[in-house]
Amino acid sequence: MYVLAQVGGVPVLGLLIDIGALVSLFAGTLACITAAARVLLRMAHDGLAHESLGRTHARNHTPGRAVVITGIAAVLPVAVLAARGASGLDVYGWLGSLATYGFIVAYALVCGALPRYLRQHGAFHPGAQIIPWLAAIAMLLALLGNLYPVPEGPYGKLPYIYLAYLIGGLGWFVVRARSKSKKKTMASMELPQP
């Protein structure tokens, strides 16, 4: 847009567009970090993340530690890839593709779980499962479209990186769930003191 503004004879408009884009990128990144920090806070409350991430600021009630960790997690991959000489466009494409896999899988899981949720809350009727299942199938087709034909170069490795990330996350969930279950069992087996 900056180039178009110069060609159009209004270079100041290009500068304003650049500033607006920068503010928009900052706001979008901040919103994502805030949302992810809230998810991390909830995960800590459920025992899936370190308990220190479940604490909030005494006065503001904001998850400060979770925000810092999430911010580092957002900046670190970009910084490492940039330090290794990757272009901004490549970094955007690679990390955007990884995020897309996550969104597609999450949306498909939510669509698949919706009929059960509706049943549990007494709002289910037979037609209520058609749209969620069609949407889940559409998400899976979108995922397959990203995987086949196998993309060239680094994009061909990204599905495997995401799969490793997903398996690692599921493994962590299973380990934490088992340890939480063992703690509950041990607590229930303790005899009351007279």
So, in region 25-52, exactly how many residues are acidic (Asp, Glu) and open to solvent by 90 Å² or more (accessible area, probe 1.4 Å)? 1
Please work out which one of (1) touching a Pro at 6+ places or on another chain (Cβ under 8 Å); (2) open to solvent by 90 Å² or more (accessible area, probe 1.4 Å); (3) in contact (Cβ under 8 Å) with a residue 24 or more places away in the chain is the condition residue 55 fails and give its number. (3)
Restricting attention to region 74-103, which residues are more than 11 Å from the chain's Cα centre (by Cα) and touching a residue at least 24 places away in the same chain (Cβ under 8 Å)? 90, 93, 94, 97
Residue identified as loosely packed, with under 15 Cβ neighbours inside 10 Å, out of contact with any strand residue (DSSP E or B) (no Cβ under 7 Å at 6 or more places or on another chain) and closer than 29 Å to residue 75 by Cα among 106, 113, 138, 123: 106
So is residue 20 over 24 Å from the mean Cα position of the chain (by Cα) and surrounded by 14 or more Cβ atoms within 10 Å (Cβ to Cβ) or not? no
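Among the listed residues 163, 144, identify the single one that is open to solvent by 60 Å² or more (accessible area, probe 1.4 Å), under 25 Å from the mean Cα position of the chain (by Cα) and either more than 25 Å from residue 91 (Cβ to Cβ) or touching a residue at least 12 places away in the same chain (Cβ under 8 Å) (or both). Spell out how you get there, then give the answer.
Details: 163 fails: either more than 25 Å from residue 91 (Cβ to Cβ) or touching a residue at least 12 places away in the same chain (Cβ under 8 Å) (or both).
Going through 163, 144 in turn, the sole match is 144.
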Please state which one of 62, 34 is in a helix (DSSP H, G or I) and more than 30 Å from residue 184 (Cβ to Cβ). 34
Evaluate the following for residue 119: is it modelled with pLDDT under 90 and charged (D, E, K, R)? no
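The values are calculated or read from the model by the stated rules, or taken from the named source; none is laboratory data. These numbers come from a predicted model, not from an experiment. As a convention, Cβ positions derive from the backbone with ideal geometry for all residues, glycine included, and neighbour counts pool all protein chains shown. Surface areas here come from the heavy atoms of the whole protein model, side chains and all, with no ligands, DNA or RNA. Shrake-Rupley method; radii C 1.70, N 1.55, O 1.52, S 1.80 Å.
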